[in-house]
Structures are given as C-alpha cells and as structure tokens.
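The values are calculated or read from the model by the stated rules, or taken from the named source; none is laboratory data. Predicted, not measured: the structure shown is a model, and the values here were computed from it. Methodologically, a virtual Cβ is constructed for each residue, glycine included, from the backbone with ideal geometry; neighbour enumeration extends over all protein chains shown. Quick note on the areas: whole protein, heavy atoms, side chains included, nothing else; ligands and nucleic acids left out. Shrake-Rupley method; radii C 1.70, N 1.55, O 1.52, S 1.80 Å.
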Amino acid sequence: MHATPLFTPAAIGTLTLNNRLAVAPMTRVSASEEGLASEKMAHYYADFARGGFALIISEGIYIDRAWSQTYAFQSGLVNAEQAAAWRRATDAVHARGGKIFAQIQHGGALSQGNYYRQETVGPSAIQPVGQQMTFYRGEGAYPIPQKLTEEAIQAIIASFADAASRAVEEAGFDGVEIHGANGYLLDQFFTDYTNQRTDRWGGNIAERLTLSLEVIRAVRASVGPDVPVGIRISQGKVNDFFHKWANGEEDARVVFTLLAAAGIDYLHLTEYEAWKPAFADNPLSLVALARKYAPGLTLMANGSLHDPARAEEVMTAGADFIALGRGALANHAWPQKVAQGEALCEFDSAILGPIADIKASELPD
C-alpha cells in the first residue's frame with residue numbers, strides 16, 4: 001500500500017494525536033429526556049476509538065437551561081449530573097486509546113425540542129427557512145424566534161464558557177469544539193439573511209462574526225491556554241443546504257483572517273463535498289481558501305471524505321485532519337480497515353430512521 005498522510009501523528013494545540021482521522025460530530029438524540037448521556041452513548045463513542053480513530057468529536061451538547069437545547073433527547077452540560085453522565089463516555093473512549101472533544105452548541109431559532117423552554121430565540125425575529133427535521137422528532141415549519149437582547153447575548157457567551165470548563169474539568173473531555181456551523185445560533189448571527197441587526201452584532205460579514213469571536217475568547221479564558229479549542233463553520237445549513245457566502249473569496253479572506261487571529265487551535269470546515277469549489281466562480285475549495293488566508297492554522301475538513309483517495313486529496317489542498325460522518329457510521333473501524341486494505345461498507349441511511357438515535361446494531365456485542 002502507498003504511503004498515506006492519514007496515519008501520521010499530528011497535534012491540535014498541545015494534544016498529539018496518533019493519526020489524522022476524527023469522527024465528525026453527529027446528532028444522535030440518544031440521551032435521557034433530562035439531557036443525561038446514556039450508557040448506549042458511552043459504548044457507541046468507545047467503539048470508534050477501538051476502531052482506530054485518534055479523535056472523536058461529540059454530538060452537539062447544549063449549554064444552558066434557557067434556549068440552547070436544539071433537539072429532544074439531546075445531552076447537556078449544564079450541571080454536575082450531566083457532566084458525570086458524559087464522564088462514562090469519555091472514560092470509555094480513553095480506555096480504548098482515543099481522545100474526545102465536546103462540541104458545545106446553541107440551537108437558536110432552529111431549536112425544535114427544548115426541555116426548558118417553548119419559545120425560540122435568534123439574532124432577529126425572522127422565521128427560519130425550511131422545515132423541522134422529523135428524524136429528530138420535529139414537525140412543520142420553524143416558529144419565528146424572539147430577537148435576543150444584549151443581556152441575553154452576554155448570558156449565552158457566559159454559558160458557552162461555563163459548558164466548556166465543565167466539559168474539561170468535570171466530564172473529562174480532552175478539548176472543546178464550538179459549534180458555529182450548520183445554521184445554529186452562532187451561524188444565524190454569521191448569516192446575512194438571518195441577522196438583520198444594526199447593533200455591534202450585525203452588519204458586514206466581519207461584524208456578523210463578532211459573536212463567534214466573543215465566544216471563542218470566553219471559552220479560551222475559561223479553559224486556559226493548554227486545552228485544545230476549535231470552532232466548526234460552514235456555508236450550508238441543516239435547513240438551507242446550498243447557502244453560499246455572498247462575496248465569495250473576499251468573504252473567505254475576511255473570515256479566515258479573523259479566525260486565525262482569534263486564539264483557536266483548529267478550524268473545522270464542513271461542506272457537503274469538501275474537495276469541490278466553494279464558490280461557482282472560483283476553483284478553490286473552502287479548505288484551500290482557508291489554507292490560503294490562514295496559513296498557520298490547523299484545519300480539519302469534513303464532507304463526503306470516506307473514500308481514502310478523496311481524504312488524501314483534501315489533505316493535499318491544505319487539511320491537517322479529516323473528520324468522517326457517514327463513513328464512520330458505516331465503518332466504526334474505518335482507520336483499521338483502510339490501514340489493512342480491507343473493503344469499506346457503504347453507508348445505509350436507514351440507520352438514521354425513523355428517529356436518528358443510536359441503534360442496537362451499531363453497538364459492539
């Protein structure tokens with residue numbers, strides 16, 4: 001077999017990983033109604049570590065007792081009980097030689113199942129496009145969110161920081177990923193048509209990134225300099241698949257320059273097909289643009305990279321790490337299989353239906 005960069009060691013901040021392969025964050029709604037990570041989740045995450053993934057990024061975890069919970073049966077990190085439940089999963093991953101980061105999330109206007117509140121919030125009182133996702137127990141159109149006040153925004157920033165420190169200090173996670181992608185709250189502030197604000201949280205693309213930058217700053221202050229901190233961003237959203245940044249490469253330049261200076265240890269980019277051009281009038285992928293404008297930043301790429309040749313192609317374009325979603329679901333031992341030249345299983349979307357919770361067939365015997 002030819003030499004591949006996929007199996008070389010590399011670092012994210014102070015953490016050295018034994019290969020470049022991560023499990024992407026995937027919403028599996030398998031916690032208790034009160035947000036406690038289940039025993040099933042511990043077995044599920046540990047199985048990826050056993051299969052050779054150096055890093056696992058958790059599903060999105062909600063951060064407060066207010067508006068952050070996005071889906072019913074999502075896990076949280078808002079109290080000691082929830083942290084202790086997650087500790088079972090992080091201990092299980094560590095016992096099998098893996099590392100695991102907590103992805104912390106605020107659903108904002110896309111919340112469709114919140115244990116704590118009925119209403120939703122967003123940067124502006126604008127109804128989200130699209131429909132709630134049925135395989136996450138949603139139904140019909142999204143409601144119109146309440147516009148967040150300055151006081152509420154400050155509380156959300158503080159909640160991201162609190163959840164980050166609880167993730168590391170109590171729940172045993174090795175690092176933190178801020179969810180700034182896929183149409184959730186930070187992305188709602190970042191997106192032109194969902195953010196119509198005229199205060200410091202709205203405006204041009206740099207100004208719309210302000211909340212994400214403030215969250216990064218607060219999380220970094222809360223966990224200290226040695227804990228790996230990253231952020232995930234995207235163009236497309238769960239409710240607006242084909243969205244693109246309006247000004248193409250110029251927007252990419254602004255965004256990646258600001259994020260490179262923000263104090264993160266890595267940037268996680270997700271596109272549907274990560275090797276394809278990010279914009280219609282430009283041959284460069286989002287990964288290639290990030291490498292161009294943030295030359296020193298550690299980049300993780302996600303997006304249909306379950307073919308090893310595609311994964312290597314995206315590493316050549318500038319990615320340091322490859323995060324697999326569907327490929328990992330279909331092959332918990334993807335790294336071991338590829339290293340040994342074994343055939344990979346095709347992803348079967350039936351595993352995510354009728355509800356996208358973890359199925360018994362996915363767990364080790």
State whether one or more residues within the stretch 88-100 are more than 23 Å from Thr16 (Cβ to Cβ), assigned to a helix (DSSP H, G or I) and either of a type in the set (Lys, Arg) or open to solvent by 10 Å² or more (accessible area, probe 1.4 Å) (or both). yes
Entirely in the stretch 215-334, the helices (runs of 4 or more DSSP H) that have 3 or more residues that are in contact (Cβ under 8 Å) with a residue 40 or more places away in the chain and not acidic (Asp, Glu): 248-260, 286-293, 308-316
Quick check: anything in the stretch 189-212 closer than 20 Å to Thr120 by Cβ, outside any loop (DSSP other than H, G, I, E, B), in contact (Cβ under 8 Å) with a residue 40 or more places away in the chain and open to solvent by 20 Å² or more (accessible area, probe 1.4 Å)? no
In the list Asp174, Asp226, which residue meets the criterion of being within 30 Å of Ala95 (Cβ to Cβ), open to solvent by 10 Å² or more (accessible area, probe 1.4 Å) and touching a Phe, Trp or Tyr at 6+ places or on another chain (Cβ under 8 Å)? Asp174
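If I filter the stretch 131-152 for residues that are assigned to a loop (DSSP other than H, G, I, E, B), more than 24 Å from Met41 (Cβ to Cβ), in contact (Cβ under 8 Å) with a residue 60 or more places away in the chain and open to solvent by less than 30 Å² (accessible area, probe 1.4 Å), do I get at least one hit? Steps first, answer last, please.
Of all residues in the stretch 131-152, those assigned to a loop (DSSP other than H, G, I, E, B) come to 132-133, 137-140, 142-145, 148-149.
With the extra rule that they be more than 24 Å from Met41 (Cβ to Cβ), the set shrinks to 139-140, 142-145, 148-149.
From the residues that got through so far, the ones that are in contact (Cβ under 8 Å) with a residue 60 or more places away in the chain too are 142.
Among the residues that remain, those that are also open to solvent by less than 30 Å² (accessible area, probe 1.4 Å) are: 142.
Yes, the conditions are met somewhere in the stretch 131-152.
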Given the conditions (1) open to solvent by 20 Å² or more (accessible area, probe 1.4 Å); (2) among the β-branched types (Val, Ile, Thr); (3) in contact with a Lys or Arg (Cβ under 8 Å, 6 or more places away or on another chain), which single one is not true for Thr270? (1)
Would you confirm, using the coordinates I've provided, whether Leu305 is under 19 Å from Ala54 (Cα atoms) and over 21 Å from the mean Cα position of the chain (by Cα)? no
